[in-house]
Each structure stands twice: as C-alpha cells, then as structure tokens.
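K.L.:
Following this message is one structure expressed as structure tokens.
The values are calculated or read from the model by the stated rules, or taken from the named source; none is laboratory data. What you are looking at is a predicted structure, and each value in this text was computed from that prediction instead of being measured. Neighbour counts run over all protein chains shown; Cβ positions are idealised from the backbone, glycine included.
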Amino acid sequence: MFPVIKGCHTLIYRKKTDPDILLFKSGGGCLMIFGIPFMLVGIFFILLPFGIVPVKGEIPPWYFIVLFGGVFATAGAILMFGRTDLAIDRRRRIIIRRWRFFTSIKQKCYRLDSYSRIMISKENRSSKNSSTTVYPVRIVGEIGTDVIAVREFSVYLEARKEAEMIAQFLGLPLSDTGTGMNVERKADALNDSIREQVRRSGEVIDVPEMPHTMKSIIREESGTFIIIIPPSGMHLLSYAKLGIALLFVAAVIIMFGNVIMMLPMPLPLRLFLISFIGIGFVLMPILTTVRQVISETNESTRVQVSGALLRIEKQTPYKINTSEMAADEIEELILNQHPLVNMTDLFGRDTIPDEGITCHCGRSVIGNRLPLCRRKIGKKTAAIVSLLNKLAPSSGITAISDRNKLTFGGNLSGEELAYLHAIIKKILSS
C-alpha cells in the first residue's frame, strides 16, 4: 500500500471551480431514499423497550431489541448520510479519497506520479438471483501501488467518456478492455478518428486474400461497399438455450404440479394456480426462448461503408434495426476474434502434451499482481478448455465513437472477419 502523504488532511475540496482539480462525489440521491426505510425500522425497534410505541403482546429482551434496531438504524444512516469524495489535484500532484459521515472520518492520499494509466475493464457482478455487467474506471500504476477506483458504470460508452476525460486531464494513456480486447490510446490521440490515426502513424493497411469459405457477399455501388452477412442458422448455443428452457419448465412442472393437485383447495383456486404457473413459468419461458433463438439464428446484416459513413442494418423476422456513424467520428474499429480463453497466455502453448501443462495461478487485480503459485493442469482439463475455445462464437467487428458502439459479424470465421476488417478500415481511412 502506498504511504499517506503528510499534510494532505488539511486540503478540502468542495467545488469544481479549479481547472486543476477533478472532483467526484458518490452517495446521497437514490441511496438516501433507499436508506429511509432502514432508518425508520431501526428507530421503531429502538423505541419499543421504552413504551413509546404501543404494541400488543410480549416483546423480546430490551437489549436484543435495541441491538436489532441499532443495526437497521446504522445501515439506514450510512445510506442516507454517508458520502465518498475523490479529488484529483494535478497542481499538487496528489489524489485524495475521503469518506464522510456528516464530517470526514477517513481519508487516503496518493502520489499522482506513481500512476501511469487510466483503465476501463468489463466485469460481471453476480449474486444469488442476478448477474450484472459493469465497466469500472480505475487509475492504475506500478506493481505494489493501490488501484484507485473512480466509478462504475452499467453502460460502456459512459465509462469510456469519463475515462477519456480523466486521461486527458492527467495526460495519461488509456487502457481499454471494455470491449473484450485491450486497446491502448495516448492522451493526445483520444479523439482522433481512424482516418487521423492512420495518417498520423503512416500505417499501410494490407488487405489479405479473400478466404475460400466466405459466407458474406461484397459488392460496390457508386463508391459505397455493401457487405451482406447471411443468418448464422442453428448452432450449439441455440440448442443449449432451448435445452435449458425445457429443463426449467420440466423442473417447474415436477415441483409444483403434484403439490397443486394433491393439496385440498377449492376448484377455482386450483384453476387459478394452474393458470398462473402454466402461463408465467411454463408458457412464457418457452415462448421467450423460442423467439430469441429464432431472432438470433435468422438475423441477417447489411453493412454499407464509404469514406463518409458506416451504416449497419440488422434484420430479423420480427424487426429491422438501422444504425449509422459518420466516418470522421469512428475512433476505433476492433477485430474481436479472440478465443474464449487464450491458450498461449494460460498454458504457455497452443498444443497439449501428454503429461499435461503447468500454468500460473493466483489472485490478480486487473493485471498488476504477480502470480502466487503454479498449478498442474491435466491433459483432459486442457483439452476441454481447447474444445470450448473452438465452440465459442467470435464477437465480430466493433466500431466505436464517442456516441455509439456497433458490433456485427459475430457468426463469421476469424479469416473472414480479418478480411472484412481490413477492407472496412481501408475505406474509412481513405
């Protein structure tokens, strides 16, 4: 952990009026509203032993009631009045994080010179009942320094916008893994379009030979290239989705069907329960899954690209979605043909020897912690990982601007994606 800087406790940042200071505040707002019920429940239980709140019957011992109410009241108070501030001061070259509960109760100070880049990552936060994808923005440095978390976003473009602002403010490069690929950009080139990037670097874009197994159709009309990507059809993932839906429905019928039929109840109530479960937990999951699979397997894509515009039209049996970007606004064109797991990064090789593989393992915090151990991976386990890599679909090609993110071609092979990526990039940079 990096040591606290002496004297930083005297610095207080309240307003965003100083051009050399970035200030981020969290807490309050919806959290304050969410904390009100906890606070009220806690106060209610705390007042019970004093007879202020009339209740019928006996109540548990006063110390239990006060302790129980105190937990709720404390949680509500923290949600309502807890605040966290992060101040980035480039004049004094420090970063200060301060936790407040009515007044400042804790703070940490970091030397800005120990940090070398801004980072966006993509992470899944899972709980018992749900899973959420978030895009954290962090300030990272050398091995051994604390990672400074700025904020988390549920929308990638919002995280990208804030990360670019911080990178430009500090003059630090931006490392972006939010799209699945690691893209490094310098602070002075964050707003450069693909055309400007190619001209500045002098890059020569070589278009590879057309693959023999091309699925898409390419033609040119009045200076505009049109790429038709056909539907993917049914594949392993489609059958897996249908199978999971059927297993879920079967489990519901087995668990609740016998109970409803065996329990004594009026006929109208029995019919209501059968209808409710049948529609909500049997019919709806099947219809929703079938609709999703039909939409995914019958989606065709039409890509129009010229020196002025990128236009993508996706058509399913149910709807047509059209999106477009001006060529001068496109800042990244990413080829996402990476496997599910990089065998070389994980095992140090692409092939699997008979004796198995020894790989590094250990806890890693966004890539800046050293491996803690070495673990033996058997040939069967490594073979399963290799098979999953082959079955995993590609993520396609992603075009990104400050206002939009478009992805297409996820059902195409790596060779075909590389060919289309080179053509599109050459046209957009011309």
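K.L.:
Please indicate, with yes or no, whether at least one residue in region 195-215 is modelled with pLDDT of 90 or more, surrounded by 14 or more Cβ atoms within 10 Å (Cβ to Cβ) and in a strand (DSSP E or B).
P.N.:
Among the residues of region 195-215, not one is modelled with pLDDT of 90 or more, surrounded by 14 or more Cβ atoms within 10 Å (Cβ to Cβ) and in a strand (DSSP E or B), which makes the answer no.
K.L.:
Taking region 216-233 as the search range and keeping residues that are among the aliphatic types (A, V, I, L, M) and either touching a residue at least 60 places away in the same chain (Cβ under 8 Å) or in contact with a Lys or Arg (Cβ under 8 Å, 6 or more places away or on another chain) (or both), which one is surrounded by the most Cβ atoms within 10 Å (Cβ to Cβ)?
P.N.:
Once the filter is applied, the top-ranked residue is I229.
K.L.:
Let me ask something else. Quick one: how many residues across region 279-302 are buried (at least 16 other Cβ atoms within 10 Å of the Cβ) and in a helix (DSSP H, G or I)? Break it down stepwise before answering.
P.N.:
Pass one, region 279-302, residues buried (at least 16 other Cβ atoms within 10 Å of the Cβ): 281-282, 285, 289, 293, 296-299, 301-302.
If we keep only those that are in a helix (DSSP H, G or I) as well, we get 281-282, 285, 289, 293, 296-297.
Going through region 279-302 one residue at a time, the tally reaches 7.
K.L.:
Would you say L236 is exposed (fewer than 15 other Cβ atoms within 10 Å of the Cβ) and touching a residue at least 40 places away in the same chain (Cβ under 8 Å)?
P.N.:
yes
K.L.:
I would also like to ask the following. Looking at (1) among the polar types (S, T, N, Q); (2) touching a helix residue (DSSP H, G or I) at 6+ places or on another chain (Cβ under 8 Å); (3) at pLDDT 90 or above, which one does T179 not meet, given that it meets all the others?
P.N.:
(3)
K.L.:
For region 90-100, give me each residue that is more than 24 Å from R160 (Cβ to Cβ) and in a strand (DSSP E or B).
P.N.:
I94, I96, R98, W99, R100 - these are the residues of region 90-100 that are more than 24 Å from R160 (Cβ to Cβ) and in a strand (DSSP E or B).
K.L.:
Condition check: touching a residue at least 40 places away in the same chain (Cβ under 8 Å), over 30 Å from P49 (Cα atoms), in the same structural domain as A163 (by TED's automatic domain parsing) and outside any loop (DSSP other than H, G, I, E, B). Does V134 satisfy that?
P.N.:
no
K.L.:
A further question on this structure: For R83, are the conditions met, namely being closer than 19 Å to F153 by Cα, among the basic types (K, R), within 29 Å of the chain's Cα centre (by Cα) and surrounded by 13 or more Cβ atoms within 10 Å (Cβ to Cβ)? I'd like the intermediate steps shown before the answer.
P.N.:
On the way: closer than 19 Å to F153 by Cα: yes; among the basic types (K, R): yes; within 29 Å of the chain's Cα centre (by Cα): yes; surrounded by 13 or more Cβ atoms within 10 Å (Cβ to Cβ): yes.
Taking the combined requirement at face value, the residue satisfies it.
K.L.:
Give all pairs with beta carbons closer than 7 Å in which a residue from region 85-97 that is closer than 8 Å to L112 by Cα meets a residue that is in a strand (DSSP E or B) and not hydrophobic (A, V, I, L, M, F, W, C); count only pairs at least 6 apart in sequence or on separate chains.
P.N.:
Taking only residues 6 or more apart or on different chains, the pairs are R93/R111; I94/Y110; I94/R111; I95/Y110.
K.L.:
Follow-up question, since we're still on this one. Any idea which residue in region 101-126 is nearest to R185 (Cα to Cα), counting only those that are among the polar types (S, T, N, Q) and in a strand (DSSP E or B)?
P.N.:
Across region 101-126, the extreme among qualifying residues is S116.
K.L.:
For region 168-179, indicate whether the set of residues that are in contact (Cβ under 8 Å) with a residue 60 or more places away in the chain, of a type in the set (V, I, T), closer than 25 Å to E313 by Cβ and not assigned by TED's automatic domain parsing to the domain that holds L23 is non-empty.
P.N.:
Yes, that holds for at least one residue.
K.L.:
Output the residue which, of all residues in region 151-173 that are in contact with a helix residue (DSSP H, G or I) (Cβ under 8 Å, 6 or more places away or on another chain) and within 20 Å of K186 (Cβ to Cβ), is surrounded by the most Cβ atoms within 10 Å (Cβ to Cβ).
P.N.:
Step by step, filter region 151-173, then rank; the result is A167.
K.L.:
If we keep just the residues of region 127-150 that are over 23 Å from D188 (Cβ atoms) and crowded, with 19+ Cβ neighbours inside 10 Å, which is nearest to the chain's Cα centre (by Cα)? Steps first, answer last, please.
P.N.:
Here is the first cut: in region 127-150, the residues over 23 Å from D188 (Cβ atoms) are 127-136, 143-147, 149.
Still in the running and crowded, with 19+ Cβ neighbours inside 10 Å: 135-136.
On the way: Y135: 5, P136: 8 Å.
For region 127-150, the residue satisfying everything is Y135.
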